[in-house]
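These notes concern the structure reproduced below.
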Amino acid sequence: MLRLVDIKTGKQVRIAAFTGGHGQISKLNRFGIYPGDVARVVRHAPFGGPLLLEVRGMEIALGRGIAAKILVEELACASR
């Protein structure tokens, strides 16, 4: 498995697991991110800025620290 923060822009992934604690998992769930979701990396902001993720039609900005704790499986081809 790969970390979300390591996925290149434009790639589509399936959320596999979260490695953070209960608070982080709750925060991701409030954002609408759950294991099994398919997501697309829209953009990596420069200079260590946030990662923009599209999940179920919503765009969500995640800091690189939290994105590093999301484990994903890269899907064969992107939908866009």
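Coordinate-derived values only; no laboratory data. Remember, predicted model here, so these are calculated numbers, not experimental data.
When the helices in the chain are scored as -39500 (n - 2.57) per DSSP H run of 4 or longer and the sum is shared across all residues, what 222 nm value do you end up with, to the nearest 500 deg cm²/dmol? Intermediate values should be presented prior to the final figure.
Values: 2 runs with 14 residues, N = 80.
Per the formula, -4500 deg cm²/dmol.
Could you tell me the center-to-center distance, by alpha carbons, between the range 39-80 and the range 1-17 in angstrom?
7 Å
For the range 54-69, take each phi angle, set θ = phi - 60°, evaluate the Karplus expression 6.51 cos²θ - 1.76 cosθ + 1.60, and give the result in whole Hz per residue in order, putting x for glycine and proline.
Karplus values, whole Hz, x for Gly and Pro: 9, 10, 6, x, 9, 9, 10, 8, 10, x, 5, x, 6, 5, 6, 9.
Two decimals, Cα atoms only, Kirkwood Rh: what is Rg/Rh over the chain?
On the way: Rg = 11.3 Å, Rh = 12.3 Å.
With Rg and the Kirkwood Rh in hand, the quotient comes to 0.92.
Report relative contact order for the range 1-71 in percent, whole number only (criteria: Cα-Cα under 8 Å, sequence separation at least 6). Numbers along the way, then the final one.
Working: 121 pairs, mean separation 28.8, N = 71.
Dividing the mean separation by the residue count of the range 1-71 yields 41 percent.
Hey, could you grab the Kirkwood Rh for the range 38-80? Inverse mean 1/r over distinct alpha carbon pairs, Å, one decimal.
Details: mean 1/r = 0.0901 Å⁻¹.
For the range 38-80, the Kirkwood estimate is 11.1 Å.
How large is ³J(HN,Hα) for each residue in the range 30-39, as worked out from phi by the Karplus curve 6.51 cos²θ - 1.76 cosθ + 1.60 (θ = phi - 60°), to whole Hz, x for Gly and Pro?
My calculation for the range 30-39 gives 5, 6, x, 10, 9, x, x, 5, 9, 9 Hz in order.
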